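Comments concern the structure below.
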Amino acid sequence: MRNTLHIVLLLCLVAVSCGPRRIARGDMENIMTDILIQDQQIKSDRSLRQAADTSLVYEGIFEAYGYDTDDFLYSMEYYLQDPSRMEKIMGKVADRLEAEVKVAEKEVELENWRRRLMDIYRQKVDTTRLPRPRTRPVDTLHVRFDADSVWFYRDTL
């Protein structure tokens, strides 16, 4: 009888532990951020859009944090029961995305500046517009030393 009780308790424990887990709030914020970034990448690339129709695109994100689709769906249901909690999570997600957009904009601006600079250096120099060097200066000040004095005179062309 005692062994049967242990087996029943073990089976109950296994059944409870195999169910979906609630994702912690911090992980949920990270997962939602990654999901929205993934969605944007899929929208911007036609080949990804076609591949996304036939595959589970979010599974890799869930697995990176140690969860699966059932855990995510269970957690979404949990967080949506309290709208203020979900609003806080999505507010953090929006802040993270805005910060990433600012970083990306700076990277794009830097890359555009680098490309413009490289375009300038790739252009051939128009030597006809450069000033021509003079063989002899137009106005020169000469100094001559004698035994008693120093002479300054100007030689003009």
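The values are calculated or read from the model by the stated rules, or taken from the named source; none is laboratory data. Computed from a predicted structure; not experimentally measured. We place every Cβ from the backbone using ideal geometry, glycine too, and count neighbours over all the protein chains shown. In case anyone asks, the SASA skips ligands and DNA or RNA and just uses the protein heavy atoms, side chains included. Shrake-Rupley method; radii C 1.70, N 1.55, O 1.52, S 1.80 Å.
Each peptide in 72-84, 19-31, 106-118 gets a packing score, the mean of other Cβ atoms within 10 Å over its residues, and the list from highest to lowest is 19-31, 72-84, 106-118.
Leaving out ligands and nucleic acids, note down the accessible area per residue over region 69-112 with a 1.4 angstrom probe, in whole Å².
Working: 3270 Å² over 44 residues.
Per-residue value: 74 Å².
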